[in-house]
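Structure record follows, encoded as structure tokens.
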Amino acid sequence: MRGPLDEKGSSLMATPVPLGLQGAYALGQRSTYDELRTKLLDVASELLISAGPESLTVRRIAAEAGCATTVIYTMFGSKEGLAEALYLEGFERFRRRLAAVPARTDPFEYLQSLGPAYREAALAEPGYYSLMFERAIPGFVPSERARTLARAALNLFDRVISDCISAGYLTPTQPRKIADALWAAAQGAISLERAGHLPDAQTYTVVTNATINQFLVPQAH
């Protein structure tokens, strides 16, 4: 049977359900929550760089963000909860920057294009980076769950490396093994660059390319 909407070329199944006032209100509340959460994390990240880890008090962050301290406790539970949220937010921002790199038909070209994006992500937001990799907050140790989620944010490298192995570019092995070696090389160069020992991206490019080359199959040279 054809319903009245079918005669106009539409399907009853495809008709969107009205959101309604309650649903619209819920979406608005969620959006406001997300915006405030992002603002609080950015304020904390900026304080970490400008005023040091001792500035990361709930009272100081609330004052800078223009909200009550109870808001921070409600969202993050404690100062430690805020630190872990900052840690995870930093990796999420890395993930988004890597995901924004246009995919390539050739997986090896795609892998090579991810290298500069990783460096740019590391240098773009020093507050987050210092917490993620340099223990900027004394005494803060990410939970096992946070570490697992942090590494998962870089899974794009694992997937692209797996594609490179399937395409015959890289030696058959666990993609994570290659990804972790590449990660270690990248982090070493970035740390030296951030400390002022390297003037530009040249060494980063050399060491990351050299790491990938260690896993190239002979005919891929």
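The values are calculated or read from the model by the stated rules, or taken from the named source; none is laboratory data. Because the structure is predicted, anything quoted here is derived from the model rather than measured. Cβ: placed from backbone, ideal geometry, glycine included. Neighbour counts: every protein chain shown. Surface accessibility is based on the protein's heavy atoms, side chains included, excluding ligands, DNA and RNA. Shrake-Rupley method; radii C 1.70, N 1.55, O 1.52, S 1.80 Å.
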Checklist line | Cβ pairs under 8 Å, 6+ apart, first in region 195-208 and within 20 Å of Ala181 (Cβ to Cβ), second open to solvent by less than 70 Å² (accessible area, probe 1.4 Å) and in a loop (DSSP other than H, G, I, E, B) | finding: Tyr204/Leu198
Next item on the list: Give the residue that is nearest to Pro126 (Cα to Cα), with candidates limited to residues of region 39-80 that are open to solvent by 60 Å² or more (accessible area, probe 1.4 Å) and of a type in the set (Asp, Glu).
Entry: Glu46
Checklist line | region 62-84: number of residues that are part of a loop (DSSP other than H, G, I, E, B) and either touching a Cys at 6+ places or on another chain (Cβ under 9 Å) or under 12 Å from Lys39 (Cα atoms) (or both) | finding: 2
Notebook entry, point to check: Which of the residues belonging to region 85-117 are in a helix (DSSP H, G or I), open to solvent by 40 Å² or more (accessible area, probe 1.4 Å) and not polar (S, T, N, Q)?
Noted result: Leu88, Glu92, Arg95, Arg96, Arg97, Ala99, Glu109, Pro116
Check: Listed residues Arg147, Arg135; which is more than 17 Å from the chain's Cα centre (by Cα) and open to solvent by 80 Å² or more (accessible area, probe 1.4 Å)?
Finding: Arg135
Item checked: Selected residue (only one of Ala186, Ala152, Ala181 is among the hydrophobic types (A, V, I, L, M, F, W, C) and free of Cβ contacts under 8 Å to residues at least 12 places away in the same chain) -> Ala152
Margin query: Just the residues that are in a helix (DSSP H, G or I), closer than 17 Å to Phe108 by Cα and open to solvent by less than 60 Å² (accessible area, probe 1.4 Å), please, taken from region 191-218.
Written below: Val207, Thr208, Ala210, Thr211, Ile212
Item checked: Count of residues meeting criterion [farther than 26 Å from Ile165 by Cβ and of a type in the set (S, T, N, Q)] in region 111-131 -> 1
